[in-house]
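Here is the structure we will look at.
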Amino acid sequence: MIIGIVYKIILLLVVIKSYILSRKFGFSAQSYLFVYLFISFFTDSLSFSLFLLYPESKNGIIYNLYDIFSIIFFCFYFSIIFKNYFRNLLFFTGSSSIFYIIFCTNFLELDFDKNIGITLISFYIINSLMWFYQKISFFDEHKIIDDPGFWISAALLMWSCFFLFRVTPMFYFAKKDNEFLEFLKIGQNIINIGMYSMFYISLLKYEKLNYESYRR
């Protein structure tokens, strides 16, 4: 419970930083990350509130819809960064993921559909690795760690690798080993903290780039 609250506080701080940056330079200056961060905070807060009010309630549909939103958002986010060939692959993986979720999963059911989670993970991993491949293939004047996309892609990749381990056996452990399932939830919250800390660093990089562009 405590680590989950810490995670939500970290996420809130990142949302606030993103909002402040948006007020200074506009939402486009950070590739509209504020939209994703705000929806993420709203989704987690809504789910947490429902759990406190109705512990037995099923809120998997919230995350089913949130995963669809995440795929659509990062299709847009990476489309700004990717060059033609990679952009085509991005749209293929994004449209294929959405098509699969709509026609082959129970995304409107109250229970969370793990196939949607696995689809989201696959989308994140493929496009994060494509970002790294493009960055290595096409040199520019910036160090890789000064590129906001590095921190976003690394965060998505790290989160996906852990979540894959969690989501695949989660229903088995829910029936067979509740203690280990709780351990995985704690681990997920720690990974979430790491992920959004990296998002915060990306916002700092966006801020630096925008200050530099204003000085020119």
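The values are calculated or read from the model by the stated rules, or taken from the named source; none is laboratory data. What you are looking at is a predicted structure, and each value in this text was computed from that prediction instead of being measured. No Cβ is skipped: glycine too gets one built from the backbone with ideal geometry, and neighbour counts run over all protein chains shown. With ligands, DNA and RNA removed, areas are computed over all heavy atoms of the protein, side chains included. Shrake-Rupley method; radii C 1.70, N 1.55, O 1.52, S 1.80 Å.
Out of PHE42, PHE34, I need the residue that is part of a helix (DSSP H, G or I) and more than 13 Å from the chain's Cα centre (by Cα). Which one?
Being part of a helix (DSSP H, G or I) and more than 13 Å from the chain's Cα centre (by Cα) holds for just one of PHE42, PHE34, which is PHE42.
Collect the residues in region 63-88 that are surrounded by fewer than 19 Cβ atoms within 10 Å (Cβ to Cβ), among the β-branched types (Val, Ile, Thr) and over 14 Å from ILE152 (Cβ atoms), keeping them in residue-number order.
Of everything in region 63-88, just one residue is surrounded by fewer than 19 Cβ atoms within 10 Å (Cβ to Cβ), among the β-branched types (Val, Ile, Thr) and over 14 Å from ILE152 (Cβ atoms), namely ILE72.
Report yes if ILE10 is in contact (Cβ under 8 Å) with a residue 60 or more places away in the chain, in a helix (DSSP H, G or I), under 22 Å from LEU156 (Cα atoms) and under 19 Å from the mean Cα position of the chain (by Cα), otherwise no.
yes
Considering only region 97-120, state which residues are open to solvent by 50 Å² or more (accessible area, probe 1.4 Å) and polar (S, T, N, Q).
ASN106, ASN115
Name the pairs whose Cβ atoms lie under 8 Å apart, with the first residue in region 33-48 and under 11 Å from LEU11 (Cα atoms), the second among the polar types (S, T, N, Q), and 6 or more positions between them or separate chains?
If the second residue must be among the polar types (S, T, N, Q), the pairs left are LEU37/SER18; PHE38/SER18.
Residues of region 42-73 being closer than 21 Å to THR119 by Cα and among the aliphatic types (A, V, I, L, M), which ones?
Listed by number, the residues that qualify are ILE61, ILE62, LEU65, ILE68, ILE71, ILE72.
For SER57, work out the one condition from (1) open to solvent by less than 10 Å² (accessible area, probe 1.4 Å); (2) not aliphatic (A, V, I, L, M); (3) not in a helix (DSSP H, G or I) it doesn't fulfil.
(1)
Show the residue pairs meeting these rules: Cβ distance below 6 Å; 6+ apart or different chains; first residue within region 142-155 and open to solvent by 40 Å² or more (accessible area, probe 1.4 Å); second residue in a helix (DSSP H, G or I) and among the small types (Gly, Ala, Ser).
Close Cβ pairs (under 6 Å, with a partner that is in a helix (DSSP H, G or I) and among the small types (Gly, Ala, Ser)) amount to TRP151/SER202.
Just give me the residues in region 178-209 being at pLDDT 90 or above, surrounded by fewer than 16 Cβ atoms within 10 Å (Cβ to Cβ) and over 16 Å from the mean Cα position of the chain (by Cα), in sequence order.
LEU204, LYS208, listed by residue number.
Name the residues in region 16-49 that are at pLDDT 95 or above, of a type in the set (Ser, Thr, Tyr) and open to solvent by less than 40 Å² (accessible area, probe 1.4 Å), would you?
SER18, TYR36, SER40, THR43
Quick one: is SER160 in contact with a helix residue (DSSP H, G or I) (Cβ under 6 Å, 6 or more places away or on another chain), of a type in the set (S, T, N, Q) and not in a loop (DSSP other than H, G, I, E, B)?
The answer is yes for SER160.
Which members of region 117-149 meet the condition of being of a type outside the set (S, T, N, Q), assigned to a helix (DSSP H, G or I) and either farther than 19 Å from ARG87 by Cβ or within 14 Å of the chain's Cα centre (by Cα) (or both)?
Passing the criteria: GLY117, ILE118, LEU120, ILE121, PHE123, TYR124, ILE125, ILE126, ILE144, ILE145, ASP146, GLY149.
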